[in-house]
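The values are calculated or read from the model by the stated rules, or taken from the named source; none is laboratory data. Note that this is a predicted model, so its numbers are computed, not measured. Positions of Cβ are backbone-derived with ideal geometry, glycine not excepted, and every protein chain shown enters the neighbour counts.
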Amino acid sequence: MSTKYALVTGATAGIGLDIAKELASQGKNIILTARREDRLREISILLKDEFKVECDYVVADLAQFSAPDKIYNFCLENNYIVEILVNNAGYSINKKFHETSEDEEEKFLRVLGIAVIALTKKFVPSMLEHRHGKIMMVSSLASFAPPSSGWGALYGPVKTFVNRFGDAININYRSQGITATNVCPGFTVTEFHTASGMQDAMDKVPAFMKKDSKTVAIGAVQALMKGRSVWVPGILNKLLAFLCNILPTSIVIKMSSSLAGGRYE
């Protein structure tokens, strides 16, 4: 017997974990995927006990070419119907472009971009069959801003690409019951910055610009369920996204440099 599930990538910490909790609180069965089996097992038990939903997990590293197939086949073998796909997994490389190897950049692009395409491509046919599906792309406010100089040259461009990919899904499949929601958080307090070696820069960001991941997750899931194309949390972030779209790049860089912890130094 098939059961409907929400699949969340990068689900062991931060926004991904809080999105999984929020979906579970709404009675959604959950499939977790990330690299750390101990954390996946622990969170799976927590979600089942706290929210009384079904929860399973599959260990996968999206930097590996085979990971999307592994995740998809796991769902297929267990008769899990993925009606909600949350493409959340991500990180940043805190080095200058010339300091990184091609292998580093290729793995980065695979996690943040290629795996997003691959997983979406694998699960859309089933969504089309059921004429229902919701896809979340966890992007970033950086997708609207000029690429940074110190926080990984490709991070902003990849997130911009993810936004356009979400737009493409909506244009092609909204009429058939499938929607994509580009979630574009600003500075969010999670393990992301520590894991990416950017905690010092994050510490320089004014407190009024930071949001906690639970608040972001609740808003993101609400936007997903409403089928919104783009969601930016908070009035300030919405204003910044708007200004990034209308102001000259030079002014956006000066403005961001004073607020974003040396993003353009």
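Data overview
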{"item": "Candidate set: region 174-196, residues that are buried (at least 18 other Cβ atoms within 10 Å of the Cβ), among the hydroxyl-bearing types (S, T, Y) and not in a strand (DSSP E or B); chosen: the one modelled with the highest pLDDT", "result": "T190"}
{"item": "Positions within region 223-240 being aliphatic (A, V, I, L, M) and under 19 Å from M136 (Cα atoms), in sequence order", "result": "A223, L224, M225, V230, V232"}
{"item": "Criterion (closer than 20 Å to K134 by Cα, assigned to a helix (DSSP H, G or I) and free of Cβ contacts under 8 Å to residues at least 24 places away in the same chain) met by exactly one of L23, L76", "result": "L76"}
{"item": "One residue from Q64, Q26 being polar (S, T, N, Q) and under 19 Å from T181 (Cβ atoms)", "result": "Q26"}
{"item": "Criterion: surrounded by fewer than 18 Cβ atoms within 10 Å (Cβ to Cβ) and either touching a residue at least 12 places away in the same chain (Cβ under 8 Å) or of a type in the set (K, R) (or both) - qualifying residue of E50, E42", "result": "E50"}
{"item": "Qualifying positions in region 72-102 - aliphatic (A, V, I, L, M) and either exposed (fewer than 15 other Cβ atoms within 10 Å of the Cβ) or farther than 23 Å from A217 by Cα (or both)", "result": "L76, I93"}
{"item": "Filter result for the condition that a residue is within 18 Å of R174 (Cβ to Cβ), in contact with a helix residue (DSSP H, G or I) (Cβ under 7 Å, 6 or more places away or on another chain) and touching a residue at least 40 places away in the same chain (Cβ under 8 Å), over L112, L119, L85", "result": "L85"}
{"item": "Checking D56 against (1) touching a residue at least 24 places away in the same chain (Cβ under 8 Å); (2) out of contact with any Asp or Glu (no Cβ under 8 Å at 6 or more places or on another chain); (3) part of a helix (DSSP H, G or I), the condition it does not meet", "result": "(3)"}
{"item": "Residue check for L224: surrounded by fewer than 18 Cβ atoms within 10 Å (Cβ to Cβ) and either of a type in the set (V, I, T) or at pLDDT 60 or above (or both)", "result": "no"}
{"item": "Pairs, first more than 22 Å from H132 (Cβ to Cβ) in region 157-175, second among the hydrophobic types (A, V, I, L, M, F, W, C), C-beta under 7 Å, six or more apart", "result": "V158/L109; V158/L112; K159/A142; V162/V116; V162/M137"}
{"item": "Hits in region 79-94 (condition: assigned to a strand (DSSP E or B) and under 17 Å from T181 (Cα atoms))", "result": "V82, E83, I84, L85, V86, N87"}
